[in-house]
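Enquirer: Pasting in a structure now, in structure tokens, and then I'll have a few things to ask.
Here, each number is a calculation from the coordinates, and none is a lab measurement. Owing to the predicted nature of the structure, the values given are computational and were not obtained by experimental measurement. For neighbour counting, all protein chains shown are included, and Cβ atoms are generated from backbone atoms with ideal geometry for every residue, glycine included.
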Amino acid sequence: MSKKIKLVIDKVEYQLPVNSYIANPTFGGKPYIHMSAKHTASIIKQFVKKFFPLVKVWSTSSVYSGGSSVDVNVSYSNGESICDDVFQKIESFSKQFKAGSYNGMEDIYEYNGHDVKTDNGTKLDYFPSYVFCSNKPKWGSVEYWLSEYNNWLENTGTEDWVNYDSMVQSAGGWLNMNKTYMTDKEFQKVELAFKTVI
């Protein structure tokens, strides 16, 4: 028996865990798809991979007292931000899956009350409180450190540290300077990436 359900939104097929489909709601009503923060993060990641295969995407969920959220980060594999047109499409798709927004003027959270359905009419419900999209790599990823290095190089114009060996072996090398902010596993991945890219 399949552990996934298939749903179609705007003629595009996505998959979610079978437990996201609520066939018999506790208080009656029609069946619906429970769009928890985790399920929302998954749908957004699938969307990016289907339509923009060259874009690297991180989509993570958080649940906390009083709500939940999804954080979406995108970049190219070299750590550069993606073009604005593509980012706006990703952000527009993602934002339809948030429950509402915070009204700072009145200090309240206002629900959208929007009606999102699959192509066959099944309602998507119980969205995360917030969906945040950032046009930059996720902190700690290889792409993040490649981006940081490129930014550093652009801002300083220091050519002496472009050479991989000097970055790793020199006490003042950029990679060693930033090693303290990485786990051992991250450092190994970044080191390997620098050998390949630079």
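Enquirer: For each of 182, 35, 177, 105, count neighbouring Cβ atoms within 10 Å of the residue's Cβ, then give the residues from fewest to most.
Expert: Listed from fewest to most nearby Cβ atoms, that is 105, 177, 182, 35.
Enquirer: Want the number for residue 151 to residue 123: 0.36 nm per residue separation, take away the alpha-carbon distance, what's left?
Expert: That works out to 5.7 nm of additional length.
Enquirer: Now, a different point. Can you match Kirkwood radius over Cα pairs in Å to one of these, (1) 19.3; (2) 16.8; (3) 17.5, based on a calculation from the structure here?
Expert: Calculated Kirkwood radius over Cα pairs in Å: the matching label is (1).
Enquirer: When DSSP assigns beta bridges and you keep just the ones with both residues in the chain, what percent turn out antiparallel, to the nearest 5? Spell out each step's value before the answer.
Expert: Values: 23 of 31 bridges.
Percentage antiparallel, nearest 5: 75.
Enquirer: What's the exposure ranking of 71, 119, going from fewest to most Cβ atoms within 10 Å?
Expert: 119, 71
Enquirer: Rank 140, 124, 5 by how far each Cα sits towards the positive end of the charge dipole of the chain (+1 on Lys, Arg Cβ; -1 on Asp, Glu Cβ) and give me just the farthest.
Expert: 5
Enquirer: So who's got an amide H within less than 5 Å of the one on residue 131, skipping anything under 5 residues away but keeping other chains? H placed 1.01 Å off N, in plane.
Expert: Amide H neighbours of residue 131: 70.
Enquirer: Follow-up. Residues of region 107-123 with the amide nitrogen closer than 20 Å to a label point 7 Å from the Cα of residue 15, along Cα-to-Cβ, please.
Expert: Answer for this model: 118-120.
Enquirer: Let me check I've understood the local charge: for residue 28, count other residues with C-beta under 15 angstrom from its C-beta, Lys and Arg +1, Asp and Glu -1. What total comes out? Display every interim value, and only then the final one.
Expert: On the way: positive: 30, 123; negative: 125.
Around residue 28, the surrounding residues sum to +1.
Enquirer: I'd like to know which of 82, 62, 19 lies farthest towards the positive end of the charge dipole of region 4-134, counting +1 on Cβ of Lys and Arg and -1 on Cβ of Asp and Glu.
Expert: My answer, from the dipole projection, is 19.
Enquirer: Taking 22 Å as R0, compute the FRET efficiency from the Cβ-Cβ separation of residue 195 and residue 136 and round it to 0.05.
Expert: 0.40
Enquirer: Here's a follow-up. Report the full-extension gain for the segment residue 50 to residue 103: residue separation times 0.36 nm, less the Cα-Cα distance, to one decimal in nm. Can you show the working numbers first?
Expert: Values: separation 53, 0.36 × 53 = 19.08 nm, distance 3.37 nm.
Full extension from residue 50 to residue 103 adds 15.7 nm.
Enquirer: Also, quick follow-up: Give me the net charge for the shell around residue 118: Cβ to Cβ below 13 angstrom, other residues only, Lys and Arg +1, Asp and Glu -1.
Expert: 0
Enquirer: If neighbour count is taken as other Cβ atoms inside 10 Å, put 139, 145, 174 in order from fewest to most.
Expert: Going from least to most buried by this count: 139, 174, 145.
Enquirer: Return the single residue from 79, 104, 67 with maximal mean-square fluctuation; model: Gaussian network over the chain, springs between Cα atoms under 10 Å.
Expert: Residue with maximal mean-square fluctuation among 79, 104, 67: 104.
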